[in-house]
Amino acid sequence: MASDTDKRPQEQKREGRLARHRRIAGEIYAQPRTLGGHLRDGLLSVWVARGAGFYGLGWIITFLVLEVTMFSNELAESAGVTEFIGSQLIEYVFRMGFLSLVNSLLAAIWPVYLLQWLSGYGILVFVGGYFAFEKLLRPVVEGRFPELRAAREAKAARQREKEARKRVKKKPSG
């Protein structure tokens, strides 16, 4: 028989996607002012997951354009508001799952869209945008969103640790 000291502390269950969406929708319904904070937190977490830099910013912009385009096309194709809302409720799991995954994959190749849209000038815009972001925008953005700076610094620390482990492995013994 196991004693109380042998029992492991009860681990908290991770909240599922649908439960989280339901909880957040309830919070927004109860306090509409929380919408901005939820959007900010969601976009920042995605930006951090994509590196918290220029590429991540391009990913977010491309993803938002793709999602808004998809949403507006569905709205334009529906016969009325009730049909639109009904179809959105029925397709919620499918659309939020599969189509957002497709948009995520398409957003990952956002530099290709830039090159396709601007042809040869796309390379110049991409390189210029990178340097403008790094030299001008990054300090402003990281001042406004300190989470991005913390994520970048944590990533740099992990990279330094990884390089240090490689050097230790390469060091000849003896």
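The values are calculated or read from the model by the stated rules, or taken from the named source; none is laboratory data. What you are looking at is a predicted structure, and each value in this text was computed from that prediction instead of being measured. When we count neighbours, we look across all protein chains shown, and the Cβ atoms used for this are built from the backbone with ideal geometry, even at glycine. For accessibility, only protein heavy atoms count, side chains too; no ligands or nucleic acids. Shrake-Rupley method; radii C 1.70, N 1.55, O 1.52, S 1.80 Å.
At-a-glance table
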| read-out | value |
| --- | --- |
| Residue tally, condition surrounded by 10 or more Cβ atoms within 10 Å (Cβ to Cβ) and part of a helix (DSSP H, G or I), over segment 74-84 | 5 |
| From Arg33, Arg23, residue being of a type in the set (Lys, Arg), surrounded by 11 or more Cβ atoms within 10 Å (Cβ to Cβ) and either under 30 Å from Arg138 (Cβ atoms) or free of Cβ contacts under 8 Å to residues at least 12 places away in the same chain (or both) | Arg23 |
| Those residues of segment 119-130 which are over 14 Å from Gly53 (Cβ atoms), open to solvent by 50 Å² or more (accessible area, probe 1.4 Å) and part of a helix (DSSP H, G or I), in sequence order | Tyr121, Ile123, Leu124, Val125, Val127 |
| Some residue of segment 131-147 being open to solvent by 70 Å² or more (accessible area, probe 1.4 Å), of a type in the set (Phe, Trp, Tyr) and assigned to a helix (DSSP H, G or I) | yes |
| Long-range neighbours under 7 Å by Cβ, at least six apart or interchain, first residue of a type in the set (Lys, Arg) within segment 122-138, second open to solvent by 70 Å² or more (accessible area, probe 1.4 Å) and modelled with pLDDT under 95 | none |
| Qualifying position, being under 23 Å from the mean Cα position of the chain (by Cα) and farther than 14 Å from Phe54 by Cα, among Leu115, Leu89, Leu136, Leu148 | Leu115 |
| Conditions (1) more than 23 Å from Trp47 (Cα to Cα); (2) open to solvent by 40 Å² or more (accessible area, probe 1.4 Å); (3) modelled with pLDDT under 85; (4) part of a helix (DSSP H, G or I); number of the one not met by Ser173 | (4) |
| Residues satisfying the stated conditions in segment 42-73, i.e. of a type outside the set (A, V, I, L, M), open to solvent by 50 Å² or more (accessible area, probe 1.4 Å) and at pLDDT 90 or above | Tyr55 |
| Test: residue in segment 89-110 that is part of a helix (DSSP H, G or I) and touching a Gly at 6+ places or on another chain (Cβ under 7 Å) | yes |
